[in-house]
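Take a look at the structure set out below.
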């Protein structure tokens with residue numbers, strides 16, 4: 001049957017990461033004095049969820065020629081459903097477009113009927129647009145060396161930013177403080193997801209950063225980004241930012257991705273452990289987000 005197969009295109013770990021990022025933004029807004037609204041949270045997340053799923057189907061659709069070069073299953077990689085079932089290609093494209101339209105409609109309805117700020121709709125549309133252009137020709141951002149930056153923007157800024165806007169209704173200096181380190185973590189996520197696919201992407205002509213820089217430089221860049229994020233949180237703690245959030249706690253939590261980046265680089269340099277190093281970086285980001293969420297929840301008590 002088509003339905004079970006087409007549903008396998010969805011990457012549950014990506015969905016989980018998106019939910020955590022949106023929840024983190026919403027809880028950060030609540031910690032900063034906004035009143036948490038379950039209705040606004042759910043309505044806002046539905047728009048983000050549909051936009052997220054749209055990229056799963058569009059990326060697999062446009063990357064089917066490249067995915068044919070994959071010779072073995074890799075952690076966090078796609079399922080090659082469309083490669084093995086070409087009859088699902090048209091359905092995948094239409095699902096992606098339908099989800100993209102639904103996401104835009106929900107974002108607009110959120111603004112019109114629930115009083116969300118216009119910025120929510122604008123950020124949602126921009127994120128959806130770059131998500132489509134990420135792999136869609138002729139633009140195909142992923143092959144122009146900026147695909148990882150697109151993922152960093154969407155996962156590090158747009159999704160937590162949408163969660164923040166859904167609850168607080170505006171961006172403020174506190175969110176701006178978090179936006180840059182979060183974007184660095186988004187870049188780490190993107191590089192870690194792409195690093196194991198170097199040979200497949202190279203054969204398919206995918207000129208992303210991993211192909212252009214090579215895996216060693218990518219893992220070095222990951223360590224630099226993790227170090228920079230920790231440095232930024234240290235800087236905020238020294239400046240005693242006007243926030244209920246204790247940045248010293250965030251500094252401690254940021255050590256998790258930093259250690260993962262160091263171990264990942266060492267693992268690749270010594271033993272060429274691409275899959276393990278990438279998985280370690282991704283797992284560290286999940287742990288960071290989860291611990292951040294628990295910390296923000298504790299602030300409400």
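Bear in mind that the values in this text are calculations on the coordinates, not laboratory data. Note that the structure is a prediction, hence the values are computed from the model and not measured. Every residue, glycine as well, gets a Cβ built from its backbone with ideal geometry; the counts of neighbours run over all protein chains shown.
Adding -39500 (n - 2.57) for every DSSP H run of four residues or longer, then dividing by how many residues the chain holds, sets the calculated 222 nm ellipticity at -24500 deg cm²/dmol. Taking label positions 7 Å along the Cα-Cβ direction at both residue 5 and residue 113, the computed distance is 3.6 nm, reported to one decimal. Fully extending the segment from residue 80 to residue 283, taken as 0.36 nm per residue of separation minus the present Cα-Cα distance, adds 70.8 nm. Listed by Cβ neighbour count within 10 Å, with the fewest neighbours leading, 246, 52 appear as 246, 52. As an exercise, use a Förster radius of 35 Å and the Cβ-Cβ distance of residue 212 and residue 42 to find the FRET efficiency, rounded to the nearest 0.05. FRET efficiency, residue 212 to residue 42: 0.30.
Using the count of nearby Cβ atoms within 10 Å as a rough guide to exposure, how do 144, 276 rank from fewest to most? Final ranking by Cβ density, sparse to dense: 144, 276.
Of the peptides 135-141, 209-215, the order by per-residue mean of other Cβ atoms within 10 Å, starting with the highest, comes out as 209-215, 135-141. Quote the FRET efficiency, to the nearest 0.05, computed for residue 224 versus residue 94 with a Förster distance R0 of 45 Å and r equal to the Cβ-Cβ distance. For R0 = 45 Å, the calculated efficiency reads 0.65.
Cα-based radius of gyration for the chain, normalised by 2.2 N^0.38 Å, reads 0.99.
Each residue in 268, 19 was given a count of other beta-carbon atoms within 10 angstrom of its own, and listing them fewest first yields 19, 268. Peptides 227-234, 253-260, 82-89 ranked from most to least packed give 253-260, 227-234, 82-89, packing being the mean of other C-beta atoms within 10 angstrom over each peptide's residues.
Fully extending the segment from residue 65 to residue 129 would add 20.8 nm, taking 0.36 nm per residue of separation and subtracting the current Cα-Cα distance.
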